[in-house]
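One structure is given below, represented as structure tokens, and several questions about it will come after.
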Amino acid sequence: MRVRELMQRDVIVVSPETSLVDVHRLFVEEEINGAPVVDESSGKVVGVISSLDLLRAVRDEYDSVANISGSYFRDELPGSDPNWNDAPADFADRMASLTAADAMVKERVWVPSEMAVADAAELMRSQRIHRVLVIDDHELIGILTTFDLLQVLASRGPQSSSVSPRSGA
């Protein structure tokens, strides 16, 4: 099976100027966890942004604010959560000013559409990533995600009865 047979062709993209708030909103509305970042003027992919990148951006921004104010929430109690109500007043404004370009990963992992799905899956596993861009002739034509790969496994049904589901906590 080739990547072109499994990839998603309708790729949701964001621009580098898209605010992180809008990226988050898009992820929730479209029920996705990542998207390519595409420069609108050139049409070139300049990065990839994921839900994890959004979380890192919030953490980094909060940590920089917390360090400035002299209080670091992780020092309060083991396992404690930040008290967002005590954050400096400009924290929300600072978060609203961040864009996809500020949080995206610039290294892009891509595959050609003719690559074998098994090879793409091995690349994703070795790089510890959940999506690869599918690019042919320098043009983004699709995206392959771990969910697409799981679809192949699910469609095959149970292959072995020797594995049983775990029970308990």
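The values are calculated or read from the model by the stated rules, or taken from the named source; none is laboratory data. Predicted, not measured: the structure shown is a model, and the values here were computed from it.
Consider region 5-41. How many of its residues are among the hydroxyl-bearing types (S, T, Y) and either under 30 Å from D119 (Cα atoms) or assigned to a helix (DSSP H, G or I) (or both)? Show your work before the answer.
Taking region 5-41 and keeping what is among the hydroxyl-bearing types (S, T, Y), we get 15, 18-19, 41.
Next cut, either under 30 Å from D119 (Cα atoms) or assigned to a helix (DSSP H, G or I) (or both) only: 15.
Number satisfying all stated conditions: 1.
Just give me the residues in region 128-149 being of a type outside the set (V, I, T), more than 17 Å from S50 (Cα to Cα) and assigned to a strand (DSSP E or B), in sequence order.
Filtering region 128-149 down to residues of a type outside the set (V, I, T) leaves 128, 130-131, 133, 136-140, 142, 144, 147-149.
In the following step, the residues that additionally are more than 17 Å from S50 (Cα to Cα) were identified as 136-140, 149.
Passing the criteria: D136, E139, L140.
Can I ask one more? Working carefully through the options S155, S71, find the one that is farther than 30 Å from S41 by Cα, part of a loop (DSSP other than H, G, I, E, B) and at pLDDT below 95.
S71
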